[in-house]
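The values are calculated or read from the model by the stated rules, or taken from the named source; none is laboratory data. Fair warning: this is a prediction, and the values are worked out from it, not measured in the lab. A quick note on method: Cβ atoms are made from the backbone with ideal geometry, for glycine too, and the neighbour counts reach across all protein chains shown. Note: accessible area is taken over every heavy atom of the protein model, side chains too, but ligands, DNA and RNA are not part of it. Shrake-Rupley method; radii C 1.70, N 1.55, O 1.52, S 1.80 Å.
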Amino acid sequence: MTRSKNRWLIALSAVGIHISIGSIYAYSVWKNPIQETLGWSRTEVGWAFSIAILFLGFSAAFLGHFVEKHGPRKGGLLAACFFGLGMIGAGFAIDMESKWLYYLFYGAITGIGLGVGYISPVSTLVKWFPDRRGLATGLAIMGFGFGALIAGPLINAGIANIGISSTFYGLGAAYFIVMVCSSLYLAPPPKDWQPVAAADRQLKPNARRGLELSQKMANEAVKTTHFYYLWSMLFINVCCGIAVISVASPMAQEIAGMSAASAATMVGLMGLFNGLGRIGWASFSDYFGRPNTYVAFFVLQIAAFIALPVVSNATLFQILIFLILTCYGGGFAAVPAYISDLFGTRQLAAIHGYLLTAWAAAGVVGPTLASSVREMTDSYVGTLYIFAGLFCVALAVSIWIQVEIRRIVPAVQPA
């Protein structure tokens, strides 16, 4: 490509794509208006979101090789087409009052756009920022976390002024334009490109280049134990985090005695901490290493999930929830840099895509587990203790990865 590309504009382009597709996290804003207008049940409306997350994971896995072969620009443009079409098609489905068309467009087609759009810019950013992989991927994935904060008010205002279907049409067109413009600037760095030292004077002296224990093809990476260690850690982190997101309001009212209004405010702030955790923890990992960062995630969350059932103070309860949400977001943001540390950047998009199947699986298992245990025990306490146990497993895996890395490179601390 050309050397005139600015890596910070590459990062901004990645943020543009992720803020667009991150609007999926504002889906709850659509629920009540669709239920009231079309008479669909809460479960029927909710299925569209579950289908979208499922297709996100599997499209990322199957289309990761497409991104590697054709580059991030074409990957981003493909994502723009699917995501924009899915949103516009969802508006058409609402006009037709067709639940199955809605599942097709908002669930499957939008979900494919989500998966391709999620991985396309991330692998490119890692290559442009070999010195700050965590920060770079954290910036983009932070955009995904903050997408709901921007989309929520827009959806509310649109529904109130122009109706549900017209809001889908308008947002679909707007996201398509933003994603196309962002994608057109995306490009991998030139061969053997390195950041100019003068451009990085603001870096602290202990910011280090990624370790890169190996350079593996995607089909080689998925045959290693390290891949399944990462998969299991991401699965547990997402499973428990997304379960908390799905039941946060009723759990806060049951355990901490919060009012419905206060719990709703807490849920809104959770999106903020989700986004802040993505940039904060990913930047932290550049200086303290990805393995150490994941150990910190799991130690903190074990303590938080054990403490939550016995916390009756609303303020302390919310602090623990916000802490969990920072770790939930940080787990997404730090994992691409972790992949590059273990497997290199040769086929990072494809490996990242395979790993995101953990998100698809956790999106189904986490909320289902939380709801099932709540129904069986008539309390959220059992669910929280189960999740604390799962984090103990994740902690053991994260420590074992450190042991193996130090065995491979005993003289080097992972970065």
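Assorted remarks:
- Simple spin-label estimate for Ala160 and Glu254 in nanometres, 7 Å along Cα-Cβ: 3.3 nm
- Percentage of interatomic Cα-Cα distances in the range 10-116 larger than 15 Å: 62 percent
- Each principal axis of the Cα atoms in the chain has its own extent, and those three values, largest first, are 60, 48, 39 angstrom.
- Here the range 48-164 is described by how far its Cα atoms reach on the three principal axes: 49, 29, 22 Å, from widest to narrowest.
- For the Cα trace of the range 252-363, dividing Rg by the Kirkwood Rh returns an Rg/Rh value of 1.05.
- Only Cα pairs under 8 Å and 6+ residues apart enter the sum, and on that basis the relative contact order of the chain stands at 26 percent.
- Taking a point 7 Å from the Cα of Lys74 along the Cα-to-Cβ direction, the residues of the range 344-377 with backbone N closer than 16 Å to it are 349-350.
- Normalising by residue count, the range 317-400 has a Cα convex hull of 104 Å³ per residue.
- Charged-residue dipole, Cβ positions (Lys, Arg, Asp, Glu), the chain about Cα centre, Debye nearest 20: 1400 debye
- q = 0.12, 0.15, 0.29 Å⁻¹, the range 241-309: log10 I(q)/I(0) [Debye, one scatterer per Cα]: -0.40, -0.60, -1.25
- Accessible carbon and sulfur surface of the range 59-202 relative to its total accessible area, %, 1.4 Å: 69 percent
- Rg over Rh, two decimals, the range 66-123 (C-alpha only, Kirkwood Rh): 1.10
- Inverse of mean 1/r across different Cα pairs in the range 100-147, Kirkwood, Å: 12.0 Å
- Across the options Ala93, Gly147, Phe49, the greatest Cα extent toward the positive end of the charge dipole of the chain (unit charges at beta carbon of Lys, Arg, Asp, Glu) belongs to Gly147.
- Inter-label distance, nm, simple model (7 Å from Cα along the C-beta direction), Leu300/Trp400: 2.5 nm
- Projecting the Cα positions of Ser123, Phe297, Leu230 onto the charge dipole of the chain (unit charges on Cβ atoms of Lys, Arg, Asp and Glu, taken about the Cα centre) puts Ser123 furthest along the positive direction.
- Relative packing of 70-77, 257-264, 97-104, 381-388, which averages over residues the other C-beta atoms within 10 Å, highest first: 70-77, 381-388, 97-104, 257-264
- Base-10 log of normalised Debye intensity for the range 119-200 (one unit scatterer per alpha-carbon) at q = 0.11, 0.13, 0.14, 0.25 Å⁻¹: -0.45, -0.58, -0.64, -1.22
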